[in-house]
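Trainee: Encoded as structure tokens, here's the structure I'll be asking about.
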Amino acid sequence: MLNSRGFTVIEVLVALMVFMIGAVGISALITSSVRSTAFSGDLTEATLLASNKLEDLRLKDYDHADLDDVTGDGAAGLDDLAAAADGVNYSQGKNSKFTVQWNVANNIPATDIKTIKVIVTWTYKLDTRSISLSGLRTE
């Protein structure tokens, strides 16, 4: 009769192999989760910066200098990053990695109404990301 008190080397190696496969899977999941959390944080901060700037601009007087269509591009200036900005704030946010730009179009969509578009850009994994919000300011 054989003594069956321990594990064979094969059983130990198979158990270690199963454990390692599980550990690699969990580490990949954790890495993915950390990246997603970082991007979500950036997106939330960019949205907050855009919202705050839009609200700040909407609260200014109708004839305030920040609400001038400096570039004179009208509705074309409302395209995301397609034209020069009417105003820019660099190095915004907690890590100073966001750029806040805004464009103003006079008399769009109607007379005595200004359309304001705020665009926030940042770099994430060597790619430029952006978010934009639009609002109206009446006289």
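Trainee: For the range 126-139, how many residues meet the condition of being of a type in the set (S, T, N, Q) and more than 12 Å from the chain's Cα centre (by Cα)?
Mentor: Of the residues in that region, 2 qualify.
Trainee: Let me ask another. If ALA50 satisfies all but one of (1) loosely packed, with under 11 Cβ neighbours inside 10 Å; (2) part of a helix (DSSP H, G or I); (3) of a type outside the set (S, T, N, Q), what's the number of the condition it fails?
Mentor: So ALA50 meets the others, but not (1).
Trainee: Can you work out which of the residues in the range 121-139 that are over 20 Å from ASP79 (Cα atoms) and among the hydroxyl-bearing types (Ser, Thr, Tyr) is surrounded by the fewest Cβ atoms within 10 Å (Cβ to Cβ)? Before the answer, list the steps.
Mentor: Just the residues of the range 121-139 that are over 20 Å from ASP79 (Cα atoms), to begin with: 124-126, 138-139.
Still in the running and among the hydroxyl-bearing types (Ser, Thr, Tyr): 124, 138.
Working: TYR124: 14, THR138: 9.
Restricting to residues being over 20 Å from ASP79 (Cα atoms) and among the hydroxyl-bearing types (Ser, Thr, Tyr), the top hit is THR138.
Trainee: Here's something else I'd like to know. Taking the range 97-125 on its own, how many of its residues are over 13 Å from the mean Cα position of the chain (by Cα) and either under 18 Å from PHE39 (Cβ atoms) or of a type in the set (Gly, Ala, Ser) (or both)?
Mentor: 2
Trainee: If I ask for residues that are outside any helix (DSSP H, G or I), closer than 15 Å to ILE108 by Cα and not hydroxyl-bearing (Ser, Thr, Tyr), which ones from the range 58-69 would you list?
Mentor: Taking the range 58-69 and keeping what is outside any helix (DSSP H, G or I), we get 60-64, 68-69.
The next check asks that each one be closer than 15 Å to ILE108 by Cα; those that pass are 62, 68-69.
Result: ASP68, ASP69.
Trainee: Scan the range 36-86 for residues that are in contact with a Ser or Thr (Cβ under 8 Å, 6 or more places away or on another chain) and of a type in the set (Asp, Glu) and jot them down.
Mentor: Within the range 36-86, ASP80, ASP86 meet the criteria.
Trainee: Let me ask another. Any chance the range 79-101 includes a residue that's aromatic (Phe, Trp, Tyr) and surrounded by 15 or more Cβ atoms within 10 Å (Cβ to Cβ)? Show your work before the answer.
Mentor: Taking the range 79-101 and keeping what is aromatic (Phe, Trp, Tyr), we get 90, 98.
Then drop every residue that is not surrounded by 15 or more Cβ atoms within 10 Å (Cβ to Cβ), which leaves 98.
Yes, the conditions are met somewhere in the range 79-101.
Trainee: Please pick out the residue among THR111, THR115 that is out of contact with any Phe, Trp or Tyr (no Cβ under 7 Å at 6 or more places or on another chain), surrounded by fewer than 20 Cβ atoms within 10 Å (Cβ to Cβ) and at pLDDT 90 or above.
Mentor: Values: THR115 fails: surrounded by fewer than 20 Cβ atoms within 10 Å (Cβ to Cβ).
Residue meeting the stated conditions: THR111.
Trainee: So which residues in the range 114-139 are among the charged types (D, E, K, R) and either over 20 Å from VAL70 (Cβ atoms) or in contact with a His (Cβ under 6 Å, 6 or more places away or on another chain) (or both), if there are any at all? So that I can check it myself, show each step before the final result.
Mentor: In the first step, residues of the range 114-139 are kept if they are among the charged types (D, E, K, R); the result is 114, 117, 125, 127, 129, 137, 139.
Correct list: LYS125, ASP127, ARG129.
Trainee: Against the condition modelled with pLDDT of 95 or more, touching a strand residue (DSSP E or B) at 6+ places or on another chain (Cβ under 7 Å) and not polar (S, T, N, Q), how does LEU78 come out, does it pass? Full working, then the answer.
Mentor: Values: modelled with pLDDT of 95 or more: no; touching a strand residue (DSSP E or B) at 6+ places or on another chain (Cβ under 7 Å): yes; not polar (S, T, N, Q): yes.
No; evaluated as a whole, the condition is false for this residue.
Trainee: Okay, moving on. What is the number of the single condition among (1) without any contact (Cβ under 8 Å) to a residue 60 or more places away in the chain; (2) under 13 Å from GLY135 (Cα atoms) that ASP79 does not meet?
Mentor: Status for ASP79: all satisfied but (2).
Trainee: Does ALA46 fit the bill of being within 15 Å of VAL120 (Cβ to Cβ) and modelled with pLDDT of 85 or more? Write out each step before concluding.
Mentor: Values: within 15 Å of VAL120 (Cβ to Cβ): yes; modelled with pLDDT of 85 or more: yes.
Considered against the rule, which asks whether it is within 15 Å of VAL120 (Cβ to Cβ) and modelled with pLDDT of 85 or more, ALA46 comes out as yes.
Trainee: Among (1) part of a loop (DSSP other than H, G, I, E, B); (2) touching a Phe, Trp or Tyr at 6+ places or on another chain (Cβ under 6 Å); (3) among the β-branched types (Val, Ile, Thr), where does THR99 come up short?
Mentor: (1)
The values are calculated or read from the model by the stated rules, or taken from the named source; none is laboratory data. None of these values were measured; they are calculated from a predicted model. Don't worry about glycine lacking a Cβ; one is built from the backbone with ideal geometry, like all the others, and counts go over all protein chains shown.
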